[in-house]
2 protein chains.
Amino acid sequence: MTTNRRRAATIPDVAREAGVSRSTASRALADYGSVSPETRERVRAAAEKLGYRANQLARSMITGRTHTLGVVIADIQNPFFAGVTRGITDAAHAAGYQVLLANTDEDLGAERAAVKTLCDKHVDGLVVAPASTTEIGHLAALVEGVCPVVLLDRHAPSLATDAVTVDNQGASEDAVRRLIAAGHRRIALVTLVGSEPHRGAEDEADAQNGAGADDGGGAGNGTGPGDGSGTGNGTGPDGGSGTGNGTGPGDGSGTGNGTGPGTGGAPPGPSPISTGVERVAGYRAALRAAGVEDTDAYLRVGTFHRQDPAALTEELLSLPEPPTAVFATDSMIALGVLSAVNARGLRVPEDISVVAFDDAEWTRVVRPRLSVVAQPVQELGAEAVRALLTRIETGARPPRHITLDTTFITRDSIAPPR
Amino acid sequence: MTTNRRRAATIPDVAREAGVSRSTASRALADYGSVSPETRERVRAAAEKLGYRANQLARSMITGRTHTLGVVIADIQNPFFAGVTRGITDAAHAAGYQVLLANTDEDLGAERAAVKTLCDKHVDGLVVAPASTTEIGHLAALVEGVCPVVLLDRHAPSLATDAVTVDNQGASEDAVRRLIAAGHRRIALVTLVGSEPHRGAEDEADAQNGAGADDGGGAGNGTGPGDGSGTGNGTGPDGGSGTGNGTGPGDGSGTGNGTGPGTGGAPPGPSPISTGVERVAGYRAALRAAGVEDTDAYLRVGTFHRQDPAALTEELLSLPEPPTAVFATDSMIALGVLSAVNARGLRVPEDISVVAFDDAEWTRVVRPRLSVVAQPVQELGAEAVRALLTRIETGARPPRHITLDTTFITRDSIAPPR
DNA sequence: GGCGGTGCTGGGAACGTTCCCACCCTTGTC
DNA sequence: GACAAGGGTGGGAACGTTCCCAGCACCGCC
C-alpha cells in the first residue's frame, strides 16, 4: 500500500512526495547545507512513508568513501585471527564501517589476489597480516596514496605504513628464558612459515614446477616424514645452500648459522613472516645468553599446510637426545605438539615442558593447564582499525609502529627436566 | 611514467588511448557484445598500459550486482562459526564473491542493524544464523524479493527461504542415548539462548528497562551465581510464569513441563534459537524413552554473555544428587563445563562423563579426549553459499531445507557412572 | 531606495560504468 | 543491382546520489 514493492524508493521519489527538489531532499536526509526545519520534517516524513533507504553504492560513487574496510588474514579458523578479526569488526562497526574478509592461508598469490579484489571494491582501507616480510610489492603499490594499509601482527620495515604488533622477539626471549630458568637446555621451537613466494613480481602461473622446491633452504635437517630417509635434506633447486642446520627465518643478526631466506638476496623458498623471524630471534637470543652454542639444533620450521607440527614434534622426540621442553609459536601449533607428545605417552610437564604463544581458551582447560604468552588479540585488531581510520581521515603521515604488551601466564606446563 | 598517479584510469581513458569509443572499450574489456579481434587486442593493450582496473561500484550501480554476500553470525570467536565462515568465504571466493562479516552476539537488535546495513550496501544475498526462531520480521521483509536469505545452522519454519542445518534433534538424542547406554540416568544439559528480544517490531530504544527482565521465564530453578540466594528464581516482570523447572526453549511437543517461550504466545524473555530448541527436544526425547520422568531436572539454559556455562555447571554439581554426565551444546560451553568440573577436582570420565557438540580441535588433545557430535562446519557454510547463489541466479523457488549429517566421535570422556 | 549579505531552494553536472539503439559497411542472395 | 542480414561501432541515456552554483526572497543598513 504505502510502498511500491517493485522498485526501492529513491531520492526523486521522496522529493516528489515531499514536494521539493532532489537537492533539498538530499540535504534534508543527509543533514548538510541548510534546510528549513519544516522542509526537513516534511522530507523525513516522506522518506519514512516510502521506506526510503539511501543507496550506499551511489553515495560511494560520489563521495569516494565506501565505509568498508578489507581484512586480509591467514586463516579465520586460527583462534588468534578469529580474536583479532573480532576486535577489528567491533571497532569498525562502532565507527560505522563494515568489514570484508579474506583468508590467504599464508599464500602470497592468494594475498595478492585478495588485495586486488578488495581494492577494486574500493575499500577505504586495508588491514593486512602479510604472508611475507619481503614480498610486499602489491602492498607498496597501495601505500603510494591509493589505499591506506595497516599491517597487523607482522611488520615489513621497508613498507612506509603503520603496523600494530606485539614485541615478538622480547616475548619469545622471555618465554624461553623461563624454560631455561626451570633448568632446561634442550629447548625446541616449532613454528611455521608461509608457502613459497611466486617468482615473478605479479606472475602467478609458474608456481607449480615440481614439489622439489620444498624446503631445501628452509628447515634443512631432516624434516621429512621418515627421518634419515633423505627427503627434504637440503637438495632443493637453490643449490642446497641450506647446511645441516639451515633454518627458515634468518634473523640477520649474524649468528652465522641461519642461511635461510631473510639474510641472502631473496632466494626462492618459503617467505619469511616477521612474527616467525622475530620469535626465532628471541629464541636464539635466550639460548645464546644461556651459553647454548648450537641454537638451531632443536629449531623446526614447517611450511603452512604442508608440514604438520605434530610430525615435526614427533621427529624431535625421536632424536637421540630429545628436547626436554617445546615452545610452540601459536596455539594451533601447540595442539600439534601436544598431540605428538600425547601419542608418545609422554606426560606434561613431568616428561616434557610445553609453552605456547596465544592464550587460546582451551589452554586453561587441558590438564595440565598450559603456560602461555598471551597476546591482546582483540586490542590488536581494534588498534589496527584505529590507526587505519586516522590514516584514512588525516591522509599521509609518518608511519607509526604500535607495539602492544604481551603477558606471560604461568600455569602448570613447566617443570624442571628429569 | 605510464600511469598518472593522481586519478585512476577509467574507461574513457582507455578508449581514448585505444582510439575507440567508451562503448567499444567497455565491450572489449567486459567481453560481451561483438568486438573485432584487433580492436579487442588494442583495447586490452591500452588498459594494460594505463593500469586500468574497473570500478566495481559503478559497475554495480548498473548491473545491480555487487558480487558481495553478507554473513551474520553470533560470534566469529566461536570455533563453530569460524569454521562455518571459512567454508562460506572459500565457496564465495571460488564463485567470485566477497564476504561482509557481522557479529551479533545473539542479540536481536544487533542482528536487525547488521541486516539493515548489509542490505544498504546492496549485498547480493545474506547468510544468517538468526538469533531467534520467532522474531524474524526483519528477515521476512527481505525474503519478499528484496534480497535472498539463507538460514544457517538454525531454522525458522515460518520463513519461506532456504536453510542449511544438521539434524540437531536426532544428533542430540543419539548423544544422550549413548550416555544412557553407558548407564547414566542423571544427565545434565547445559546450553545458551540469545538475549531478550526487543519488544516492538522495529523499535530498538526501550530495551534497557532494568536488568530484572533476566530469565524469569527461562531457566527458572536457581541459576543465579550463588545458589539458594533466590536471584533468578522466576521473579521476572512476566509474572513468574516459570515454574520450578521452567526451561527456556520449549519443544512444543507437550511434555507439559517446559513453560518457557516457544510454546506460548511469544512472551517476553530470551529468544529461542532453533538449534537450542531442537537439541533440548532430542535430549528430552532420549530421557523420556529411557523412562526418566522429570526430563528437565538437570536442564540448564543460560543467556548468552550473561550467564557463564561454568557457573551453571557448578550449580549442577552442587545439587544434592548431582548429574553423572553432562552434555554441552557447543564447544565453548564444553570449555565452561570442563573448567567447572576441573575446579571441583572431579575426574572425567571416572567421576563424571562429558559429551559436547562440535569437534573443536582441542577436544582431541585434552586428557581425556572428548567424545563429541561432529558437525560438518565448513560444508555447512559452503552449502549455504551454494544455496544462496542458485537462489540469486534462478530467483524465486520453493524453499529448501538442507540437512547435513553429523557424526558421533567416540573418544574417552564417557564411562559408566560410579 | 539601492545594496550586500544570508538563508533557503532548485537545476545541472558529475561519478564510471553498462545498456539500448541507431548507424555503417560488408556480404550473400535472388 | 536491390535488398536483407549481421558484425562492428559510436552516441546517448541510465543507475542514484552528492556537489556546485545560480537564483530568489528577505532583511538590515547606509
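The values are calculated or read from the model by the stated rules, or taken from the named source; none is laboratory data. Remember, predicted model here, so these are calculated numbers, not experimental data. Counting neighbours? That spans all protein chains shown, and the Cβs are built from the backbone with ideal geometry, glycine included.
The set of residues from segment A:90-107 being out of contact with any Asp or Glu (no Cβ under 9 Å at 6 or more places or on another chain), surrounded by fewer than 24 Cβ atoms within 10 Å (Cβ to Cβ) and in a helix (DSSP H, G or I) comprises A:D90, A:H93, A:A94. Each residue in segment B:367-382 was checked for being assigned to a loop (DSSP other than H, G, I, E, B) and buried (at least 24 other Cβ atoms within 10 Å of the Cβ), and 2 pass.
Can you pull out the residues in segment A:290-315 that are touching a Pro at 6+ places or on another chain (Cβ under 8 Å) and either buried (at least 23 other Cβ atoms within 10 Å of the Cβ) or among the acidic types (D, E) (or both)? Break it down into steps so the answer makes sense when it comes.
Filtering segment A:290-315 for residues touching a Pro at 6+ places or on another chain (Cβ under 8 Å) gives A:298, A:301-303, A:311.
Within segment A:290-315, A:Y298, A:V301, A:G302 qualify.
If we scan segment A:65-72, do we find a residue that is without any contact (Cβ under 8 Å) to a residue 24 or more places away in the chain and of a type outside the set (A, V, I, L, M)? Taking every residue of segment A:65-72 in turn, none turns out to be without any contact (Cβ under 8 Å) to a residue 24 or more places away in the chain and of a type outside the set (A, V, I, L, M).
Can you pull out the residues in segment B:296-345 that are within 11 Å of chain A (Cβ to nearest Cβ) and either over 16 Å from B:G276 (Cα atoms) or aromatic (F, W, Y) (or both)?
B:A310, B:L335, B:G336, B:V337, B:L338, B:S339, B:A340, B:V341, B:N342, B:A343
Every residue, every condition in (1) within 16 Å of DNA strand D (Cβ to nearest atom); (2) at pLDDT 95 or above, yes or no:
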site: B:T3; (1), (2): no, no
site: B:S21; (1), (2): yes, no
site: B:Y32; (1), (2): yes, no
site: B:S36; (1), (2): yes, no
site: B:A58; (1), (2): yes, yes
site: B:T63; (1), (2): yes, no
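Any idea which of (1) closer than 24 Å to A:D75 by Cα; (2) crowded, with 21+ Cβ neighbours inside 10 Å is the one B:H67 doesn't satisfy? Among (1) closer than 24 Å to A:D75 by Cα; (2) crowded, with 21+ Cβ neighbours inside 10 Å, B:H67 violates only (2). Total residues in segment B:393-409 satisfying the condition of being in contact (Cβ under 8 Å) with a residue 24 or more places away in the chain and in contact with a Lys or Arg (Cβ under 8 Å, 6 or more places away or on another chain): the figure is 1.
Restricting segment A:27-49 to residues that are part of a helix (DSSP H, G or I) and surrounded by 18 or more Cβ atoms within 10 Å (Cβ to Cβ), the residue that is farthest from DNA strand C (Cβ to nearest atom) is A:A47.
In this structure, A:S60 does satisfy being at the interface with chain B (Cβ under 7 Å from one of its Cβ atoms) and buried (at least 17 other Cβ atoms within 10 Å of the Cβ).
Look at B:A9 and say whether it is more than 7 Å from DNA strand C (Cβ to nearest atom), out of contact with any helix residue (DSSP H, G or I) (no Cβ under 7 Å at 6 or more places or on another chain) and among the hydrophobic types (A, V, I, L, M, F, W, C). When the stated conditions are applied, B:A9 does not pass them.
Is it the case, given these coordinates, that A:T66 is assigned to a loop (DSSP other than H, G, I, E, B), of a type in the set (S, T, N, Q) and away from DNA strand C (no atom under 11 Å from the Cβ)? Lay out the reasoning, then the answer.
Working: assigned to a loop (DSSP other than H, G, I, E, B): yes; of a type in the set (S, T, N, Q): yes; away from DNA strand C (no atom under 11 Å from the Cβ): yes.
Answer is yes for this residue.
Candidates B:V72, B:V43: the one that is away from DNA strand D (no atom under 13 Å from the Cβ) and more than 11 Å from chain A (Cβ to nearest Cβ) is B:V72. In the set A:V146, A:V164, only one residue is more than 7 Å from chain B (Cβ to nearest Cβ) and touching an Asp or Glu at 6+ places or on another chain (Cβ under 6 Å); that residue is A:V164.
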